[in-house]
Amino acid sequence: MKFYKKRTLPLLIGLTLGLGAASSAYSQESLQDVMKARGLTQKDLLAAAKTYTPTGGRDEYIAFSSGGQSGQVIVYGIPSMRILKYLAVFTPEPWQGYGFDDESKAVLAQGRIQGKDILYGDTHHPAFSETNGEYDGRYLFINDKANPRVAVIDLHDFETKQIVVNPFFKSEHGGAFVTGNTEYVMEATQYAAPFSEEFVPLEEFNEKYRGGLTYWKFDNQKGRIDMANSFTFELPPYSQDLSDAGKGPSEGWGFTNSFCTERYVGGIERGRPPFEAGCSQKDTDFLHVTNWKKAEELVKAGKVKQEKGMYLIPLEQAVAESLVYLIPEPKSPHGVDVSPDGTKIIVSGKLDTHTSVYSFEKIQKAIAEKNFEGTDPYGIPIINMKAALHKQVQLGLGPLHTQYDSKACVAYTSLYVDSMVAKWDYCEGKILDKLSIHYNIGHLVSMEGDSVSPDGKYLVSLNKLAIDRFNPVGPLHPQNHQLIDISGDQMQLLYDMPLPLGEPHYVVAIKADKLKPVVRYQSGWDSRSDSRSPYRTRAGREKIEKEGDTVHVYGTLIRSHITPEIIEVEEGDTVSLHFTNLERAEDETHGFALYGQNVNLSVEPGKTVSATFKAEKAGVYPYYCTEFCSALHLEMQGYLLVKPKGYQVAASGMQEGQAYTKADYEKQVKTNVDTQAVIDSVVAYITSHNYKDFSEVVALVEDATDQLGFASEAKKKAEEFAAKEDYQNATLWAGQHWQYQVKTADLGLRAKTFLEEHGATKIK
Ligand code: K7E
Ligand code: CUA
């Protein structure tokens, strides 16, 4: 600890205290005392022990939840149920600068509908990319029900990279679901509408309104959806609902269920009974079975026409080429889930107590034998329901969605009306256990539950109502995700987690060690296009350049200053700011907020972001860093001066608030010499150890070396001014020298602590 005795570093001493001091009180309390005081039972303690994650601990699974109306994705850990991040997808999100910097605005702009900015989304179903049916941790997809769109999130940095708009649909729900090697992302309509943008009266519903199912082609190399190689099935105007892709034996096929196959059009104001009455008359609706492999072959053979930038398979062609079949399914179903081995397809009818297990083998047999009940009004063959069924099981009231366990034949189905989870054997058709949840469960998720090899272990119940589970916060309640232990024969409810951001419809959970996100970008990186930014700026190369009407500011951010600190433009100029974060150290993000211009940036280490706006009005516009990045974070500031046209600078020069003498300069120099001794000892420690074996430390050392380089430049300037006996500037530059030294020491100490904690060894 000998480095810290120097009086010159109060800041660093502050940093190193606090670790050991504050922990004597709680050891005197016994577990019994705490249980009594908090009214906890043994069962509570057991549940707590299963979810509690000690400080600094990590979760075994990472869950990606739809954020519902927020248009975002919520990331949390399981079993701790700690929220880790909101991912901005369809909605501007200031913390991440999403929708505020030019790069992310371009992503949001991809999601415009008929030229209009759509600044929210109703996200429902996230899906991981898969390789051989296993989650591979590379990408996440999510749909927007309200504005038929699908987004691509790259899990290497947890950022949204692409939004595609369905050119035919006006509503969707059955997305995003991926095929076994992420060849395609499925997206099905919900509410039928004309495929064109024109007005079509409801009287022509049966002829001109349509449902559909798009297979978005995913380019696994580029990590982007490839619209030109995607195709859409035109489907009847039923309300297609959820989808799932086949696996194993059913690979190459897709399954999409539906409701309102009555094709009822409501209209209370026209004296008609409402939708809900007309859409639930028939006892069965239709499971759509689509052969995407065969459709892909037709597309590749040039037999499918292109329309609106992708391929469109008209109904007649789909029927003629045997690409689509229907199977009756119990009334108003919700959810279709293919079993991990791909042999069964489970569908639940909301208005029927039965959950139906279809056999893929039987479906194929019925198709081969043309065992059809007839055709629907559009000519699609309807497979005989009995011939396709493996089993029907009465699980309870309002069955919705199904998830799978690691144990063969074991599934979990949500019972919306009963507010329960049913654990059952879908091969034998018998109930194994039931658990009450609070309240009205929608989806549920088991660990890696959509993959070919679910892990089981935990189940999260996504409840539609929270009612009395949390402290009241007004009429709008948070949502409630309940964690359930499913490792034993009986399910055990462990924990309630409030989610205060929209209604999360579905969650997917992946083993945490499959995710390997970066902690920094390559220097000068445009994270949205994943390429080197043309505006990348290196240390010392900052500049302000006018090109035409636009003033380009090539700036940098590093602890603790923004370069440039003064930006001067003329009113009417377009200003295009470009900032590169020069830091390499983990978690050293800088923000940039500018008064009155709606400019708010998040610049993570290595990133380059831009913000372009018109400086319409002359005035003074302060800016600053919004992340508390260092002790002198508050001083990370500057001014945008928008000068009136033709303004002339006054000759008087800048005003100084404080005058410095030779004594001030010498005092600062003494401080700097002492600080250098501390740095030298830290450097000696680091370089005498195998620090190069730790990439985290290498990054810290690189940053420290940068800061030290800046320090010696400042020192040189101080000495030059001192030689001219300009102690004003000499003292200020000596002070800047010290600022760089402090940052160097800060980084060095962090590196040293890391080495100590990770058992670095001494090299000779
Ligand atoms: Cu709310 Cu899957 Cu859109 Cu069911 S969905 S609950
Ligand atoms: Cu950078 Cu605060």
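One residue stands out in the stretch 84-136 among those that are among the aromatic types (Phe, Trp, Tyr) and assigned to a loop (DSSP other than H, G, I, E, B): the one that is farthest from the chain's Cα centre (by Cα), namely 100.
For the stretch 155-196, filtered to residues that are at pLDDT 95 or above, within 16 Å of ligand 1 (Cβ to nearest atom) and over 23 Å from residue 116 (Cβ atoms), the residue that is surrounded by the most Cβ atoms within 10 Å (Cβ to Cβ) is 188.
Exactly one residue out of 59, 102, 117 is free of Cβ contacts under 8 Å to residues at least 12 places away in the same chain and farther than 21 Å from residue 175 by Cβ, and it is 117. Does residue 515 satisfy being away from ligand 2 (no atom under 16 Å from the Cβ), within 15 Å of residue 126 (Cβ to Cβ), modelled with pLDDT under 95 and within 24 Å of the chain's Cα centre (by Cα)? The answer is no for residue 515.
Taken over the stretch 422-459, residues that are outside any loop (DSSP other than H, G, I, E, B) and of a type outside the set (Asp, Glu) amount to 20. Residues in the stretch 137-154 that are buried (at least 22 other Cβ atoms within 10 Å of the Cβ) and assigned to a loop (DSSP other than H, G, I, E, B): 145, 147, 148.
Per the listing 437, 382, the residue uniquely within 16 Å of ligand 1 (Cβ to nearest atom), modelled with pLDDT of 95 or more and of a type in the set (Val, Ile, Thr) is 437.
For the stretch 622-658, filtered to residues that are crowded, with 17+ Cβ neighbours inside 10 Å and part of a loop (DSSP other than H, G, I, E, B), the residue that is farthest from ligand 2 (Cβ to nearest atom) is 631.
Kindly provide the set of residues from the stretch 396-421 that are more than 16 Å from ligand 1 (Cβ to nearest atom) and either out of contact with any strand residue (DSSP E or B) (no Cβ under 7 Å at 6 or more places or on another chain) or assigned to a loop (DSSP other than H, G, I, E, B) (or both), ordered by number. The answer is 405, 406, 407, 408, 409.
Remark: pairs (first residue in the stretch 522-535, among the hydrophobic types (A, V, I, L, M, F, W, C); second residue surrounded by fewer than 17 Cβ atoms within 10 Å (Cβ to Cβ); Cβ separation under 7 Å; 6+ apart in sequence or on different chains) = 525/532. Restricted to strands (runs of 3 or more DSSP E) entirely inside the stretch 163-259, those with at least 1 residues that are in the same structural domain as residue 115 (by TED's automatic domain parsing) and among the charged types (D, E, K, R) are 184-188, 211-219, 224-235, 239-245. Checked against the criterion of being crowded, with 18+ Cβ neighbours inside 10 Å, within 38 Å of the chain's Cα centre (by Cα), away from ligand 2 (no atom under 16 Å from the Cβ) and assigned by TED's automatic domain parsing to the domain that holds residue 458, the candidates 350, 407 yield just one match: 350. Restricting to the stretch 547-557, what's the tally of residues that are modelled with pLDDT under 95 and of a type outside the set (Gly, Ala, Ser)? Total satisfying the criteria: 2.
Applying a threshold of 7 Å to beta carbon distances and a minimum spacing of six or more residues, or different chains, the list of pairs starting in the stretch 353-374 at a residue that is over 13 Å from residue 322 (Cα atoms) and ending at one that is assigned to a helix (DSSP H, G or I) and among the hydroxyl-bearing types (Ser, Thr, Tyr) reads 360/250. Count of the stretch 566-582 residues, restricted to those that are within 16 Å of ligand 2 (Cβ to nearest atom), closer than 17 Å to residue 624 by Cβ and either assigned by TED's automatic domain parsing to the domain that holds residue 747 or more than 23 Å from the chain's Cα centre (by Cα) (or both), is 2. For residue 747, are the conditions met, namely being under 20 Å from residue 635 (Cα atoms), out of contact with any strand residue (DSSP E or B) (no Cβ under 6 Å at 6 or more places or on another chain) and touching a residue at least 60 places away in the same chain (Cβ under 8 Å)? Yes, satisfied. A single entry from 606, 591 fulfils the requirement of being surrounded by 20 or more Cβ atoms within 10 Å (Cβ to Cβ), farther than 29 Å from residue 726 by Cβ and touching a Cys at 6+ places or on another chain (Cβ under 9 Å): 591. Counting the residues of the stretch 637-660 that are within 27 Å of residue 745 (Cβ to Cβ) and at pLDDT below 95 gives 2. Within the stretch 496-514, restricting attention to residues that are more than 16 Å from ligand 1 (Cβ to nearest atom) and buried (at least 19 other Cβ atoms within 10 Å of the Cβ), which residue is farthest from residue 46 (Cα to Cα)? The selected residue is 510. The set of residues in the stretch 197-224 being among the hydroxyl-bearing types (Ser, Thr, Tyr) and surrounded by fewer than 24 Cβ atoms within 10 Å (Cβ to Cβ) consists of 209 alone. For the stretch 553-569, check the following and say yes or no: at least one residue is in a strand (DSSP E or B), of a type in the set (S, T, N, Q) and surrounded by fewer than 17 Cβ atoms within 10 Å (Cβ to Cβ). So far as the stretch 553-569 goes, no, none of its residues is in a strand (DSSP E or B), of a type in the set (S, T, N, Q) and surrounded by fewer than 17 Cβ atoms within 10 Å (Cβ to Cβ). Restricted to the stretch 527-552, and to residues there that are surrounded by fewer than 17 Cβ atoms within 10 Å (Cβ to Cβ) and hydrophobic (A, V, I, L, M, F, W, C), the residue that is nearest to ligand 2 (Cβ to nearest atom) is 539.
Of the residues screened, residue 702 is not one that is closer than 21 Å to residue 519 by Cα, touching a His at 6+ places or on another chain (Cβ under 9 Å) and outside the structural domain of residue 631 (by TED's automatic domain parsing).
The set of residues in the stretch 469-499 that are in a loop (DSSP other than H, G, I, E, B), touching a residue at least 24 places away in the same chain (Cβ under 8 Å) and either of a type outside the set (A, V, I, L, M, F, W, C) or within 16 Å of ligand 2 (Cβ to nearest atom) (or both) comprises 469, 487, 489, 490. Residue 583 falls short on exactly one of the conditions (1) in a strand (DSSP E or B); (2) in contact (Cβ under 8 Å) with a residue 40 or more places away in the chain, and that condition is (1).
Just one residue in the set 723, 677, 684, 714 is of a type in the set (A, V, I, L, M, F, W, C) and surrounded by 17 or more Cβ atoms within 10 Å (Cβ to Cβ); that residue is 714. Checking each residue in the stretch 596-610 for being within 27 Å of residue 743 (Cβ to Cβ) and away from ligand 2 (no atom under 16 Å from the Cβ) picks out only 610. Test residue 559 against the criterion of being in contact with a helix residue (DSSP H, G or I) (Cβ under 7 Å, 6 or more places away or on another chain) and among the basic types (Lys, Arg), and give yes or no. So residue 559 fits the description; yes.
The values are calculated or read from the model by the stated rules, or taken from the named source; none is laboratory data. Because the structure is predicted, anything quoted here is derived from the model rather than measured. Please note: Cβ atoms are built from the backbone with ideal geometry, for glycine as well, and neighbour counts cover all protein chains shown.
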